[in-house]
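Visitor: Below: one structure in structure tokens.
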Amino acid sequence: MALPDDFASVLAKVEERGILNEDPQTIENRLALSVQTAGLRGGQRDLGDLGVGDWTLGVISRLKKALSSEMCDAEKKSLKDDYKILLNKGLTPEGITAVAAVVAAVVSVVNPAFAVSNIIIFLAIWLLKRGLDRFCSVPF
């Protein structure tokens, strides 16, 4: 899947606002708010019995599991060979864009309503800050 049309401008805003310097937990909080916003815009109505917080955590969990299935070798608990080139890209606009391309493809399969630039960017940044190999070593 191609990246959304506004991807480059949203990434530029993320850089301008210093968001790349934030810790992974803060990035994950931004991701949660973005998921909630996209869910509201996309008409996601089934929030379950426990409300929007648990619904948001469930969506993020599904996205992370799908990314893990796509990018990680479960037996080796490491990044699949096809994605090892991403390890050298780093937390640069080029690195974020490269990881975001994978994220966008996975997210669009899980739920196209969440294949928006801010969700894709925050997931890509979170993955890079967490470490792609480290992400693969922890089960989801």
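Visitor: Modelled with pLDDT under 90 and of a type in the set (A, V, I, L, M, F, W, C) - does that describe any residue in the range 94-113?
Guide: yes
Visitor: Condition test on ASP81, is it loosely packed, with under 13 Cβ neighbours inside 10 Å, more than 22 Å from ALA12 (Cα to Cα) and not aromatic (Phe, Trp, Tyr)?
Guide: Yes, satisfied.
Visitor: Residues being part of a helix (DSSP H, G or I), at pLDDT 70 or above and either more than 15 Å from PHE114 (Cα to Cα) or not aliphatic (A, V, I, L, M) (or both): count how many of those fall in the range 22-55.
Guide: Result for the range 22-55: 14.
Visitor: With respect to ALA113, determine if the residue is touching a Lys or Arg at 6+ places or on another chain (Cβ under 8 Å) and either surrounded by 18 or more Cβ atoms within 10 Å (Cβ to Cβ) or assigned to a helix (DSSP H, G or I) (or both).
Guide: For ALA113, the condition - touching a Lys or Arg at 6+ places or on another chain (Cβ under 8 Å) and either surrounded by 18 or more Cβ atoms within 10 Å (Cβ to Cβ) or assigned to a helix (DSSP H, G or I) (or both) - is met.
Visitor: ASP82 - would you say it is touching a helix residue (DSSP H, G or I) at 6+ places or on another chain (Cβ under 8 Å) and not β-branched (Val, Ile, Thr)?
Guide: Taking the combined requirement at face value, the residue does not satisfy it.
Visitor: Okay, next question. Please find, among VAL99, VAL107, the residue that is assigned to a helix (DSSP H, G or I), hydrophobic (A, V, I, L, M, F, W, C) and in contact with a Phe, Trp or Tyr (Cβ under 8 Å, 6 or more places away or on another chain).
Guide: When all the criteria are applied, what remains is VAL107.
Visitor: Let me ask you something else. Quick one: would you say ALA104 is over 11 Å from the mean Cα position of the chain (by Cα) and under 18 Å from THR37 (Cα atoms)?
Guide: Taking the combined requirement at face value, the residue does not satisfy it.
Visitor: Let me ask something else. In the range 116-140, which residues are within 14 Å of PHE7 (Cα to Cα) and either in a helix (DSSP H, G or I) or among the small types (Gly, Ala, Ser) (or both)?
Guide: Residues satisfying the conditions are SER117, ASN118, ILE119, ILE120, ILE121, PHE122, LEU123, ALA124, ILE125.
The values are calculated or read from the model by the stated rules, or taken from the named source; none is laboratory data. Quantities reported herein were computed from a predicted structural model and do not represent experimental measurements. Neighbour counts are summed over all protein chains in view; Cβ atoms, including those assigned to glycine, are modelled from backbone coordinates with ideal geometry.
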